[in-house]
1. Does region A:77-90 contain any residue that is hydroxyl-bearing (Ser, Thr, Tyr) and more than 14 Å from chain B (Cβ to nearest Cβ)?
2. Taking residue A:67 as meeting all but one of (1) part of a strand (DSSP E or B); (2) over 13 Å from the mean Cα position of the chain (by Cα); (3) without any contact (Cβ under 8 Å) to a residue 24 or more places away in the chain, write down the number of the exception.
3. Could you list all residues from region A:6-15 that are closer than 13 Å to residue A:83 by Cβ and either surrounded by 13 or more Cβ atoms within 10 Å (Cβ to Cβ) or among the acidic types (Asp, Glu) (or both)?
4. Filter region B:14-33 down to the residues that are more than 9 Å from chain A (Cβ to nearest Cβ) and either of a type in the set (Asp, Glu) or under 19 Å from residue B:107 (Cα atoms) (or both) and list them by number.
5. In region A:91-112, what count of residues is obtained for those that are among the hydrophobic types (A, V, I, L, M, F, W, C), at the interface with chain B (Cβ under 10 Å from one of its Cβ atoms) and not in a loop (DSSP other than H, G, I, E, B)?
6. Do the conditions hold for residue B:46, that is, is it over 18 Å from residue B:12 (Cα atoms), within 13 Å of chain A (Cβ to nearest Cβ), modelled with pLDDT of 95 or more and assigned to a strand (DSSP E or B)?
7. Restricting to region A:47-66, and then to whatever is more than 14 Å from chain B (Cβ to nearest Cβ) and of a type in the set (D, E, K, R), can you tell me which residue is farthest from residue A:33 (Cα to Cα)?
Amino acid sequence: GQNIDQPTEMTATEGAIVQINCTYQTSGFNGLFWYQQHAGEAPTFLSYNVLDGLEEKGRFSSFLSRSKGYSYLLLKELQMKDSASYLCAVREATDSWGKLQFGAGTQVVVTP
Amino acid sequence: SAVISQKPSRDICQRGTSLTIQCQVDSQVTMMFWYRQQPGQSLTLIATANQGSEATYESGFVIDKFPISRPNLTFSTLTVSNMSPEDSSIYLCSVVDSSYEQYFGPGTRLTVT
């Protein structure tokens with residue numbers, strides 16, 4: 001098993017930048033995912049990191065450091081529609097390809 | 001990315017009945033899975049839907065309660081049997097594509113009364 005820790009809630013202003021950190025402990029790492037989940041909806045895929053470094057996709061970027069067991073999701077130019085829960089999830093090497101261990105999620109609140 | 005659809009999107013069922021949820025993917029995928037998200041909780045893997053063979057269940061989930069079919073590489077069903085209010089959840093189909101990225105369907109919101 002593993003622990004996945006992320007902050008419970010973050011608040012930021014429209015147009016600002018927010019960084020959501022995720023730390024994990026795993027016995028064998030095989031990838032880290034970030035999902036966005038609006039209330040009452042299914043998770044939407046944002047990013048998948050398996051190697052160290054930064055991956056940028058438009059306003060969203062994700063970073064991974066395997067040696068530190070650390071990732072962050074960076075949301076730039078925040079919009080009101082970005083208010084949602086952001087889930088960090090890890091795939092363990094010893095598990096099946098489809099088994100993800102999820103953090104509790106970080107609720108991001110974007111204010112005008 | 002794979003496009004996943006589920007039917008029904010939501011249902012309200014009586015205790016003791018069964019509901020079958022369908023998952024359709026727009027492309028052939030080797031790896032298909034079923035997850036559950038109970039109210040206020042995170043997602044939990046129920047089972048791996050194996051094409052042409054019996055599903056592989058995670059600890060705490062059994063075939064009699066959650067029978068799964070996977071007749072081909074684009075379709076799967078999950079049945080929630082003999083339902084109780086504790087089965088009220090969102091049930092999500094998930095696939096892993098050729099790049100090992102993992103996607104979730106829109107979910108089926110089940111309420112058991």
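1. Taking every residue of region A:77-90 in turn, at least one turns out to be hydroxyl-bearing (Ser, Thr, Tyr) and more than 14 Å from chain B (Cβ to nearest Cβ).
2. Going through (1) part of a strand (DSSP E or B); (2) over 13 Å from the mean Cα position of the chain (by Cα); (3) without any contact (Cβ under 8 Å) to a residue 24 or more places away in the chain one by one, residue A:67 breaks only (1).
3. A:9, A:10, A:12, A:14
4. Answer for region B:14-33, where residues must be more than 9 Å from chain A (Cβ to nearest Cβ) and either of a type in the set (Asp, Glu) or under 19 Å from residue B:107 (Cα atoms) (or both): B:18, B:19, B:20, B:21, B:22, B:23, B:24, B:25, B:26, B:27, B:29.
5. Number of matching residues: 2.
6. Yes, satisfied.
7. Here is the first cut: in region A:47-66, the ones more than 14 Å from chain B (Cβ to nearest Cβ) are A:52-54, A:56, A:58-61, A:63-66.
Remaining after also requiring of a type in the set (D, E, K, R): A:52, A:56, A:59, A:66.
Numbers: A:52: 13, A:56: 14, A:59: 17, A:66: 13 Å.
Only one residue tops the list, namely A:59.
So that you can scan it fast, the table gives a plain yes or no per residue for (1) part of a strand (DSSP E or B); (2) more than 16 Å from residue B:42 (Cβ to Cβ):
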{"site": "A:10", "(1), (2)": "yes, yes"}
{"site": "A:15", "(1), (2)": "no, yes"}
{"site": "A:19", "(1), (2)": "yes, yes"}
{"site": "A:34", "(1), (2)": "yes, no"}
{"site": "A:55", "(1), (2)": "yes, yes"}
{"site": "A:71", "(1), (2)": "yes, yes"}
{"site": "A:78", "(1), (2)": "no, yes"}
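The values are calculated or read from the model by the stated rules, or taken from the named source; none is laboratory data. It should be emphasised that the depicted structure is a prediction, and the values quoted were computed from it without experimental measurement. Neighbour counts are summed over all protein chains in view; Cβ atoms, including those assigned to glycine, are modelled from backbone coordinates with ideal geometry.
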